[in-house]
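Note sheet for the following structure.
Where a number appears in this text, it was derived from the coordinates with a stated rule and is not lab data. If you're wondering where the values come from, they're calculated on a predicted model, not measured in any experiment. Don't worry about glycine lacking a Cβ; one is built from the backbone with ideal geometry, like all the others, and counts go over all protein chains shown.
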Ligand code: CA
């Protein structure tokens, strides 16, 4: 390999910025609340118990301890990790389930606190960090206001929704004030995984597949599809969604989804499945952008570029959960033109998030 490299052999003269778009953090305050809820058993969410029982209370083990430490740092340690992995800019968001597991009033307060702390970090490192605003969907009107404060006052670039909120989905019209505010602010909604809700999670926990290995993708792709089939994107046609983990695989499904959606609507089998202005895949192509986060698989990235468009596929690392310092060295070497690599790493994210 010619050219300049960092200590891990990652090129530093590639001609593009590497922007990582799905990078997680947590506040000390929210982590303490999770620990308290887990100890007291004051939650009714086995998926949360499985995930955060591991990451928050199991700190003698290596993986949870390191993840826990890294999640809490939005300063020098994170920047050193970014430097080691060749990441120029990280778009930070409150880790799953964010405040969405909390009771309403506590959730509103903790979202504000997290947003204020993140805004401080972005102010301190404006060339390295950008942020997504966290909201409490439990209180849709308050969430809409906090979204607007985050975008207009704190300078955030979008909003993070950690999928379902205590078993409820953004397809439900009670949440549409949030969609309305996001569209009005032209703020992309990053629909990030949550653990499966109570009614779905037990068979996944039973076999150990409830987490990032598979269950997250099932839950989040289902959520995005519910939003599409609810007609929300006919009501808010300029809304922008972002899906991680290479679109949570929805682009692989889209041909059959289109076929079965048309057939099922025509059959009038379900009152809830109504006609849409466009095919489900059209919304996927026009209202949704996707990121790689933890799916560093060249054939799958190219397929996504082919069917969704090269302007729709962006890089994400998914720090700290999948921190692989060598990752970008592999992605730099994808069989792709320099222009396409620059779009993938840099300019698609700059345009969408207005960086
Ligand atoms: Ca993530």
request  = Report, by residue number, each residue of the range 309-336 that is farther than 23 Å from residue 252 by Cβ and within 14 Å of the ligand (Cβ to nearest atom).
outcome  = 319, 320, 323, 324
request  = At least 2 residues that are in contact with a strand residue (DSSP E or B) (Cβ under 9 Å, 6 or more places away or on another chain) in each: list the helices (runs of 4 or more DSSP H) lying fully within the range 1-96 that qualify.
outcome  = 62-72, 76-84
ask   = Quick one: how many residues across the range 97-110 are surrounded by 20 or more Cβ atoms within 10 Å (Cβ to Cβ), out of contact with any helix residue (DSSP H, G or I) (no Cβ under 6 Å at 6 or more places or on another chain) and part of a helix (DSSP H, G or I)?
value = 1
request  = For the range 117-131, state whether one or more residues are touching a helix residue (DSSP H, G or I) at 6+ places or on another chain (Cβ under 7 Å), over 29 Å from residue 246 (Cβ atoms), part of a loop (DSSP other than H, G, I, E, B) and without any contact (Cβ under 8 Å) to a residue 60 or more places away in the chain.
outcome  = no
message = Just checking, does the range 134-143 include any residue being within 14 Å of the chain's Cα centre (by Cα) and within 19 Å of residue 27 (Cα to Cα)?
response = yes
request  = Name, by its number, the condition in (1) free of Cβ contacts under 8 Å to residues at least 40 places away in the same chain; (2) within 16 Å of the ligand (Cβ to nearest atom); (3) in a loop (DSSP other than H, G, I, E, B) that does not hold for residue 155.
outcome  = (2)
task = Select from the range 282-303 the residues that are within 25 Å of residue 261 (Cα to Cα) and surrounded by fewer than 22 Cβ atoms within 10 Å (Cβ to Cβ) and write down the one among them that is farthest from the ligand (Cβ to nearest atom).
result = 282
ask   = Any idea how many residues of the range 229-251 are crowded, with 16+ Cβ neighbours inside 10 Å and in a helix (DSSP H, G or I)?
value = 9
ask   = What number of residues in the range 179-217 are within 15 Å of the ligand (Cβ to nearest atom) and in a helix (DSSP H, G or I)?
value = 3
